[in-house]
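Step one of this worksheet: look at the structure below.
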Amino acid sequence: MNICVFGASSSTIDTSFIDETTLLGEKLAEHGHSLIYGAGASGLMGAVARGAYSKGGSIVGVVPNFFVDEDLGVDGRVFENCTELVLTDTMRERKRVMEDRADAFIVVPGGIGTFEEFFEVFTLKQLQRHNKAIAVLNLNGYYDAMLHMLDEAEQLRFVGKACRSLIEVFTDMDEMLDYVENYVPERVDIFKTKNI
């Protein structure tokens with residue numbers, strides 16, 4: 001499978017997040033999956049890539065041109081051992097390439113870029129633009145507040161009960177990989193996810 005991982009680029013986060021995400025990259029490669037991600041060399045993006053690379057995994061990095069242009073320079077921002085590096089003109093195109101090439105999505109802790117990527121694939125699934133697995137790896141309870149927000153949105157009827165069924169949340173990496181590898185798409189009524 002081609003598995004897209006969304007995660008932090010920050011290198012100042014607690015090392016426990018980095019260690020766990022490195023392990024995720026190792027497991028993806030050991031299970032024979034290709035990693036698709038944002039091509040970063042730092043933070044959890046770099047960790048998942050280093051993990052996959054250490055086990056001989058295929059790595060597709062997708063990055064906008066402005067990350068590698070003359071003004072910014074690569075300067076360690078882009079993982080140098082990508083099997084394939086795809087350059088895009090915009091961040092929007094970067095997301096589209098990752099979304100199109102992925103068979104499934106895994107979301108590890110991250111900042112606003114990760115939030116945007118997660119909510120975009122979540123929204124597209126709600127709108128039936130894809131029916132791929134979306135798994136959230138909730139390391140150290142990082143996503144507890146976001147999940148509480150989604151629960152409150154459901155309780156206040158901003159989203160339908162079926163909406164939460166479009167994603168699965170895990171604290172156990174092996175259970176998450178089992179879910180992704182054995183995912184069976186279900187047709188969801190768009191009106192039930194949106195409370196229309």
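Looking at this structure, is ILE18 part of a helix (DSSP H, G or I), more than 23 Å from ALA133 (Cβ to Cβ) and out of contact with any Phe, Trp or Tyr (no Cβ under 9 Å at 6 or more places or on another chain)?
Judged against the criteria, ILE18 is a match.
Results for (1) surrounded by fewer than 20 Cβ atoms within 10 Å (Cβ to Cβ); (2) farther than 23 Å from ASP178 by Cβ; (3) touching a Pro at 6+ places or on another chain (Cβ under 7 Å), shown as yes or no for each residue.
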{"position": "GLY113", "(1), (2), (3)": "yes, yes, no"}
{"position": "LYS125", "(1), (2), (3)": "no, no, no"}
{"position": "ARG129", "(1), (2), (3)": "yes, yes, no"}
{"position": "TYR142", "(1), (2), (3)": "yes, no, yes"}
{"position": "MET149", "(1), (2), (3)": "yes, yes, no"}
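Could you list, in sequence order, the residues of segment 175-187 that are part of a helix (DSSP H, G or I) and in contact (Cβ under 8 Å) with a residue 12 or more places away in the chain?
MET176, LEU177, TYR179, VAL180, GLU181
Among the small types (Gly, Ala, Ser) and under 21 Å from ASP19 (Cα atoms) - does that describe any residue in segment 136-154?
Within segment 136-154, one or more residues are among the small types (Gly, Ala, Ser) and under 21 Å from ASP19 (Cα atoms).
Yes or no, residue by residue, for (1) surrounded by fewer than 16 Cβ atoms within 10 Å (Cβ to Cβ); (2) within 23 Å of GLU26 (Cβ to Cβ); (3) under 20 Å from the mean Cα position of the chain (by Cα):
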{"position": "LEU137", "(1), (2), (3)": "no, yes, yes"}
{"position": "ALA153", "(1), (2), (3)": "yes, no, no"}
{"position": "LEU166", "(1), (2), (3)": "no, no, yes"}
{"position": "ASP174", "(1), (2), (3)": "yes, yes, yes"}
{"position": "PRO185", "(1), (2), (3)": "yes, no, yes"}
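Give segment 149-196 a look and list any residue that's aromatic (Phe, Trp, Tyr) and either touching a Cys at 6+ places or on another chain (Cβ under 6 Å) or modelled with pLDDT under 95 (or both), or say none.
PHE158, PHE191
The values are calculated or read from the model by the stated rules, or taken from the named source; none is laboratory data. Note that the coordinates shown come from a computational prediction; the quantities given were computed from them, not determined experimentally. Here the Cβ is made from the backbone with ideal geometry for all residues, glycine too, and neighbour counts use every protein chain on show.
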